[in-house]
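> Questions regarding the structure given below will be posed in turn.
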Amino acid sequence: MDWWWQAIIILGMFMLRLAVPLAVVLLVGYWLRRLDERWQAEAQTQQAEYQAQPEPVKSPLLRQLDQPCWVVKGCDEATRARCVAWRQPHRTCWLARRSPEGYLPEPCYDCPVFLYGQLGRPLLASHPL
C-alpha cells in the first residue's frame with residue numbers, strides 16, 4: 001500500500017505543478033476576453049455618439065484660413081510664380097519656405113496662416129478640420 005500513497009503524492013504534485021497554473025491562465029484569459037468585449041461595446045457606443053453629433057459650423061475666419069496662403073494673402077500671378085509654397089501645394093507654406101532658405105522669414109511669424117497652422121489644424125481646404 002506504500003506505493004499507492006507514493007503514486008497519489010506524485011499525481012498531486014503533478015496537478016499542483018501543471019493543473020493549477022493552467023487553471024489560472026484559463027481564468028485570466030476568460031477575464032481578459034470579457035474585459036475586451038466590454039471595451040469594444042464601449043468603443044462602439046462612443047463611435048455611434050460621435051457620428052450622431054452634428055458637424056460644427058466654421059466661422060468665416062476659419063474658412064478663410066483653411067485655404068492655401070496665396071489665396072489668404074491675395075498674391076498676384078507674378079508673386080506666385082516666385083513663391084516656393086505655391087510650387088509645393090502639398091506642404092504647408094512655412095515648411096516649403098524654410099526648406100530651401102534654411103530659416104523662416106520674419107513676416108511668416110505674424111502671418112495668420114502660420115499662426116492658425118501652429119495650433120495643429122490643417123491648412124489646405126482638402127483636409128477636414
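The numbers here are math on the coordinates, done by the rules we state, and not lab data. The structure displayed is predicted, hence computed values, not measured ones. Glycine also receives a Cβ, built like all others from the backbone with ideal geometry; neighbour counts cover every protein chain displayed.
> If you take the beta carbon distance between Trp3 and Val28 as r and set R0 to 30 Å, what does 1/(1 + (r/R0)^6) give as a FRET efficiency, to the nearest 0.05?
For R0 = 30 Å, the calculated efficiency reads 0.20.
> Further question on the same structure: I'd like the distance between the alpha-carbon centres of the stretch 69-94 and the stretch 35-52, rounded to an integer number of Å.
With the stretch 69-94 and the stretch 35-52 each reduced to a Cα centre, they are spaced 43 Å.
> Under the Kirkwood approximation applied to all pairs of distinct alpha-carbon atoms, what is the hydrodynamic radius of the stretch 1-53 in Å?
This gives a value of 14.6 Å.
> Using all C-alpha to C-alpha distances in the stretch 60-117, build P(r) with 5 Å bins and read off the rounded percent in each one.
4, 19, 30, 30, 14, 3, 0
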